[in-house]
Amino acid sequence: MRVIAGTARHLPLKTVEGMQTRPTTDRLKETLFNMIQNELAQCRFLDLFSGSGAIGIEALSRGAAEAVFVEKQRKALDCIRANLEFTRLNDRAIVMGCDVMDGIRRLEEDGREFDLIFMDPPYDQQWERRVLEQLCRGRIVGKDTILIVEASQKTDFSFAEEIRFECIRQKRYKTNQHVFLRRRDK
């Protein structure tokens, strides 16, 4: 795994050993960032269920002003910190070692609002709905915030409408998908 483009282009990234994380492949990461490239300049990026930190690091490398990483696994946190140091992007990064729901609550207390929020939760465990419900009640999602969820192919997002999110784009791959959401005012 490596950084695809930007200031840290081609630098290799460490991954977390074992089966607890599922790194986004370089090919999917490149496709994703090609779709959001115009949104990255000076944005505030939130990476939930960060794993190795590859997505948030890619955002920083491509021009995000700041990235916040939320991850609870100790090995993954060590990996994120090592990757940020190696890529020399740690000066624009905040790493939060906690559960995603707790991380969202803490960010709410800080009054932070993000331009892009990416989450890659464990597949098929209903995390997508729980996290989106938490986000729809808070202030970190603004009217222009784009949420991107990486989920298994069989994850159904029909619930999004009832919790005030609209699906603005969906990209399907062989085994998974990226779903782009935006908050609806009413």
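Listed values, structure above:
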item	result
Members of the range 37-78 that are open to solvent by less than 70 Å² (accessible area, probe 1.4 Å), farther than 20 Å from residue 132 by Cα and aliphatic (A, V, I, L, M)	40, 54, 57, 59, 60, 64, 65, 76, 77
Inter-residue pairs, beta-carbon under 6 Å, first more than 11 Å from residue 116 (Cβ to Cβ) and in the range 38-53, second among the aromatic types (Phe, Trp, Tyr) and surrounded by 24 or more Cβ atoms within 10 Å (Cβ to Cβ), 6+ apart	50/69; 53/69
The range 79-93, residues that are open to solvent by less than 30 Å² (accessible area, probe 1.4 Å) and touching a strand residue (DSSP E or B) at 6+ places or on another chain (Cβ under 7 Å)	80, 84, 93
Of residues in the range 106-126 being assigned to a helix (DSSP H, G or I) and either closer than 16 Å to residue 147 by Cα or touching a residue at least 12 places away in the same chain (Cβ under 8 Å) (or both), the one most open to solvent (accessible area, probe 1.4 Å)	108
Lone unmet requirement of (1) farther than 17 Å from residue 147 by Cα; (2) touching a helix residue (DSSP H, G or I) at 6+ places or on another chain (Cβ under 7 Å); (3) without any contact (Cβ under 8 Å) to a residue 60 or more places away in the chain; (4) open to solvent by less than 50 Å² (accessible area, probe 1.4 Å) for residue 13	(3)
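The values are calculated or read from the model by the stated rules, or taken from the named source; none is laboratory data. Every value quoted in this text rests on a predicted model; they were computed, and no experiment measured them. Glycine also receives a Cβ, built like all others from the backbone with ideal geometry; neighbour counts cover every protein chain displayed. Quick note on the areas: whole protein, heavy atoms, side chains included, nothing else; ligands and nucleic acids left out. Shrake-Rupley method; radii C 1.70, N 1.55, O 1.52, S 1.80 Å.
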